[in-house]
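First the structure, in the form of structure tokens, and then the observations on it.
Quick note: the coordinates plus some simple rules give every number you see, no bench work behind them. Please read these numbers as outputs of a predicted model, since none were measured by experiment. Please note: Cβ atoms are built from the backbone with ideal geometry, for glycine as well, and neighbour counts cover all protein chains shown.
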């Protein structure tokens, strides 16, 4: 929680630098305010799953800048708990009163679950034993499906409900759950992207190839700036600032979910989002290795001296 408190300014900067370009891009295309809200969310939120795997593969889990990266990701995921109900209400075109009631209920439920998770997380963890893998897996998955189902009933994304379950678990239970659930995480992540590919009409991708790449380049740059600012505020050195920035450039799960929600309003949004997400993942995983390159380290040292 202390990390989240220190990163709140970075969270505000993150939303401003990365959501506004997407919203402005949608308005320039003439798609209207609802599409602007949707595309702003697509360009805003980083892929927690891809970033977590990337940090593990690059051996950066224990780095000083990793808590800063995780704090930004958690802030974004929490923000989605409030953003997605609002977007859903806009897409459905409900009346102002009904929309306000729907959003208020969703936000209230999220706040209640979050309060229970933070206040009674230790009690929730006591329901499981970290020493037995099978009961732990079944118990955590069961609780996740229960909370995710309740979240869906109040127009909150199931992903947000699952995220709140993860917050509630702590100690040895959380550590052991990470170990035993890692293979399932990687499997479901792959299946998720396969399903998104099946739902995307490849014939429309070429129409949005250049706009999607340009938007990706702009918002990847703003993500690098976001991470650099967040790491600098946390007292991280220059190499760590760059590692933080490039690690945050990839978009994924939530961007795809947002595109799916808004596709009924702007069908072209799905194709644009597909090009955009693929570009950020491909380029993001490549440039993530740049801060560790000898030539980049030498370049940053020269600039510091100058």
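Quick check on the exposure proxy: order 71, 125, 47, 221 from fewest to most C-beta atoms within 10 angstrom.
If I rank by nearby Cβ atoms, fewest first, I get 221, 125, 71, 47.
Out of 39, 127, 217, any idea which swings most in a Gaussian network model of the chain, alpha carbons joined below 10 Å?
So, out of 39, 127, 217, the one fluctuating most is 127.
Let me know the shape class of region 84-219, please: from the alpha-carbon gyration tensor, a ≥ b ≥ c as square roots of the eigenvalues, rounded when a/c is under 1.5, otherwise prolate if a/b is greater than b/c, or oblate.
Cα axes put region 84-219 in the oblate bin.
Using a 7 Å offset from the Cα along the Cα-to-Cβ direction at both residue 92 and residue 198, what is the distance between the two label points in nm, to one decimal?
The two pseudo-label positions are separated by 2.7 nm.
Per 0.36 nm of contour for each residue apart, how much would the distance between residue 105 and residue 27 grow if the chain were fully extended, relative to their Cα-Cα spacing?
Between residue 105 and residue 27, full extension yields 25.1 nm more.
Pairs of alpha-carbon atoms within less than 8 angstrom and 6+ residues apart define the contacts here; what relative contact order does the chain have, in percent?
Result for the chain is 26 percent.
Full extension from residue 112 to residue 137: what is 0.36 nm times the residue separation minus their Cα-Cα distance, to one decimal in nm?
Difference between extended and current length: 6.5 nm.
Label region 173-291 by shape, choosing from rounded, prolate and oblate, from the square roots a ≥ b ≥ c of the eigenvalues of the Cα gyration tensor; if a/c is under 1.5 it is rounded, and otherwise prolate applies when a/b is larger than b/c, oblate when it is not.
oblate
Which residue fluctuates the most in the chain, going by a Gaussian network model with Cα springs under 10 Å, if the choices are 66, 226, 43?
Fluctuation is largest for 66.
Sort region 4-163 into rounded, prolate or oblate with this rule: let a ≥ b ≥ c be the square roots of the eigenvalues of the Cα gyration tensor; rounded if a/c is under 1.5, and if a/c is not under 1.5, prolate when a/b is larger than b/c, oblate otherwise.
Oblate, since a/c reaches 1.5 and b/c is not below a/b.
Using only alpha carbon pairs under 8 Å that are at least six residues apart, calculate the relative contact order of region 160-306 and give it in whole percent.
25
At residue 191 and residue 298, where each label point lies 7 Å from the Cα along Cα→Cβ, what is the point-to-point distance in nanometres?
So the label points at residue 191 and residue 298 sit 4.8 nm apart.
Rounded to the nearest 0.05, what FRET efficiency do residue 152 and residue 119 give with R0 = 35 Å and r taken as the Cβ-Cβ distance? Could you check?
Once rounded, the FRET efficiency stands at 0.90.
In percent, how large is the relative contact order of region 240-305, given Cα pairs closer than 8 Å and 6 or more residues apart?
It rounds to 39 percent for region 240-305.
Let me know the Rg and Dmax you get for region 2-305 when you use only its Cα atoms, in Å.
Cα-based Rg and Dmax for region 2-305 come out at 19.5, 59 Å.
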